[in-house]
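The values are calculated or read from the model by the stated rules, or taken from the named source; none is laboratory data. Owing to the predicted nature of the structure, the values given are computational and were not obtained by experimental measurement. Cβ placement follows ideal geometry from the backbone for every residue including glycine, while neighbour counts extend to all protein chains displayed.
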Amino acid sequence: MILIRAHFYNHQYDKADKYFSKALAVLEHHWGPFHPFQITIYGVMANLLISIKRMNDAMFLYQSSLKCCLQVLGSNHNMTAEVHTDLGKLQVRMGGQSDALKHFKQSYLIYESYLGQDALETAKSALQVACI
């Protein structure tokens, strides 16, 4: 992860992508094609890509992250809620408010199952940040 960020911040995008691919290959070699660490790696790389306006590539990574979440952690896990929120935020930035709303609703339902009525405050905070 450090090498991915270091090369990315130095505008060495090909090297960053190389280390991104290596990180995924190492995870797959040792733990198979789906592992929770992949969710984190996809999310970090997606955020880096958003910073240089490569929204479609970031969307692909967030969708891959969600697929991994659903496969490994299930549809009602906190990390799955976080990925839904990240997808929603990106879709707002890309002008897809109706798709974003679906992800925000799903995220809210997951948080509500864990937090009860307090989830409303968590969801409001996430929506406020997404709309800024």
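Pairs linking a residue in the range 59-73 that is touching a residue at least 12 places away in the same chain (Cβ under 8 Å) and part of a helix (DSSP H, G or I) to a residue that is aromatic (Phe, Trp, Tyr) and buried (at least 18 other Cβ atoms within 10 Å of the Cβ), with Cβ atoms under 8 Å and 6 or more positions apart or on different chains, are LEU61/TYR42; TYR62/TYR42; SER64/TYR42; SER65/TYR42; CYS68/TYR42. Is there a residue being assigned by TED's automatic domain parsing to the domain that holds ASP17, of a type in the set (Lys, Arg) and out of contact with any Ser or Thr (no Cβ under 9 Å at 6 or more places or on another chain) anywhere in the range 66-89? Checked against the condition, which is being assigned by TED's automatic domain parsing to the domain that holds ASP17, of a type in the set (Lys, Arg) and out of contact with any Ser or Thr (no Cβ under 9 Å at 6 or more places or on another chain), the range 66-89 yields at least one hit.
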